[in-house]
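Notes to accompany the following structure.
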Amino acid sequence: MARSRHDGRSELPTGLVWVLALACGAMAANLYYAQTLIDEIGPQIGLDTSLAGLVTTLTQLGYGIGLLLIVPLADLVENRRLALVACIGAGLGSLTIALSQNAATFLVASIVTGLCSTGAQVLLPLASHLARAERQGHVIGLVMSGLLGGIMLARPVASYTAHLFGWRAVFFGSAGLMLAIGIALFTACPRRQPEARMAYSALVASVFLQLRKWHPLRMRAAYQGLLFAAFNLFWTAAPLLLIHRFSFSQQGIALFALAAAGGALVAPYAGRLADRGFAWRSTLAALAVTAASFLAADWTVAAGSLLGFAVVAVVLDAATQVNHVTGQRIIFALSQDARGRINSAYMTVMFLFGAFGSVIGSATYAAGGWHFAALTGVCLGSVALVLFLAFDSGASRTA
């Protein structure tokens, strides 16, 4: 059975829950370490300023590919083994990044790191399978808090580490952390052999079938993909702005990113609003606030207000999380039997859209400074808002 190691047995150990949470957080963090460091990394690996966004774009593009090609394997391959292979791959990718001396090596290693970091999306459902039915929500919440913590802390940790030891130390540290997590999973995590006997090609094809079948899935993926692109645009261009306009060091960027990450704390409240029937209103607010945030960011920078810019960063992070949590609540209600494939489809589209936000951020900043980058962010948020108003039926206001 899928949960044979824990069905009818003792409670899932708290220590294992936190190992899974740390593993998910560390893997998710791999996608964001480079986001505040592109101004340092680009010149050292010979990457032109206008293409510096590729530093993070390809990591996230690899993650999007892994969501489609690797995550479905959790329904076929023993889960602990799959997670361990992902850990090893992500660790080797990070090590190669740290040792890279040219753009080609760095970018290929970034794709590999992103691809293997999808192990986080293997561990999340594994935690659900290992937990007793009456504690699944609690366990998943704790593991998700680890994943969210990794996303929140990645940028400030990377900036502060780079300030002290240089940017390569960030990726050496990530490689070591992946090794430690792999050892912990091998030691503490039970095996889980899925019961499914579907062919891999059919399993992957069924991910696309979910997109074709469910209109809400297609639309929620599009909304969040556009918002994630805007989010990545902001966090690619903002560090460049802080360095060149406000004379920030990497330590200063770390503090700014840590403060702005507080916006992600709204995620639990967004879920409660969706549960109470406010999903339509929450989505409308999130999309409108995203577009307005970029307008406000442009104004605050023009006025030279660093405090105002920081407030905008918090609000933008919050809007992105509200839409993401609301969207997942909606899509998970579509089919209980296909949640994994539905999540794979949603996350794949989201990351493929979002991956281009980083390269757009660096390109627009190089072409026209913060003003051009901010206006592009306004456009992305506005397109999502127009799509929502045009295609989301009034009936969904109670969904």
Do we find a residue being within 30 Å of ARG341 (Cβ to Cβ) and open to solvent by less than 30 Å² (accessible area, probe 1.4 Å) anywhere in region 158-170?
no
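Could you say which residue among ALA2, ALA29 is on the phi < 0 side of the Ramachandran plot and at pLDDT 80 or above?
Numbers: ALA2 fails: at pLDDT 80 or above.
None of the others qualify; the one that does is ALA29.
If a residue counts only when it is modelled with pLDDT of 90 or more and either within 17 Å of the chain's Cα centre (by Cα) or at negative phi (or both), which helices (runs of 4 or more DSSP H) contained entirely in region 246-353 have at least 1 such residues?
Details: elements: 250-260, 267-275, 279-302, 306-332.
Here the list reads 279-302, 306-332.
Looking for something assigned to a loop (DSSP other than H, G, I, E, B) and without any contact (Cβ under 8 Å) to a residue 12 or more places away in the chain - is there at least one such residue anywhere in region 42-49? Before the answer, list the steps.
Kept after step one, since they are assigned to a loop (DSSP other than H, G, I, E, B), are these residues of region 42-49: 46-48.
Now narrow it down to the ones that are without any contact (Cβ under 8 Å) to a residue 12 or more places away in the chain: 48.
Scanning region 42-49, I find at least one residue that is assigned to a loop (DSSP other than H, G, I, E, B) and without any contact (Cβ under 8 Å) to a residue 12 or more places away in the chain, so the answer is yes.
Which of the residues belonging to region 53-82 are outside any helix (DSSP H, G or I) and open to solvent by less than 10 Å² (accessible area, probe 1.4 Å)? Walk me through it before giving the result.
Filtering region 53-82 for residues outside any helix (DSSP H, G or I) gives 53, 70, 76-78.
Those that are outside any helix (DSSP H, G or I) and open to solvent by less than 10 Å² (accessible area, probe 1.4 Å): GLY53, GLU78.
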Evaluation of SER358 against (1) touching a helix residue (DSSP H, G or I) at 6+ places or on another chain (Cβ under 8 Å); (2) open to solvent by 20 Å² or more (accessible area, probe 1.4 Å); (3) modelled with pLDDT under 90 (one fails), failing number:
(2)
Residue match in region 248-260 (condition: aromatic (Phe, Trp, Tyr) and touching a residue at least 40 places away in the same chain (Cβ under 8 Å))
yes
Restricting the search to region 230-245, which residues are part of a helix (DSSP H, G or I) and either open to solvent by 10 Å² or more (accessible area, probe 1.4 Å) or in contact with a Lys or Arg (Cβ under 9 Å, 6 or more places away or on another chain) (or both)?
PHE231, TRP235, PRO239, LEU240, ILE243, HIS244
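The values are calculated or read from the model by the stated rules, or taken from the named source; none is laboratory data. For clarity, every value in this text was computed on a predicted model and none was experimentally measured. No Cβ is skipped: glycine too gets one built from the backbone with ideal geometry, and neighbour counts run over all protein chains shown. Surface areas here come from the heavy atoms of the whole protein model, side chains and all, with no ligands, DNA or RNA. Shrake-Rupley method; radii C 1.70, N 1.55, O 1.52, S 1.80 Å.
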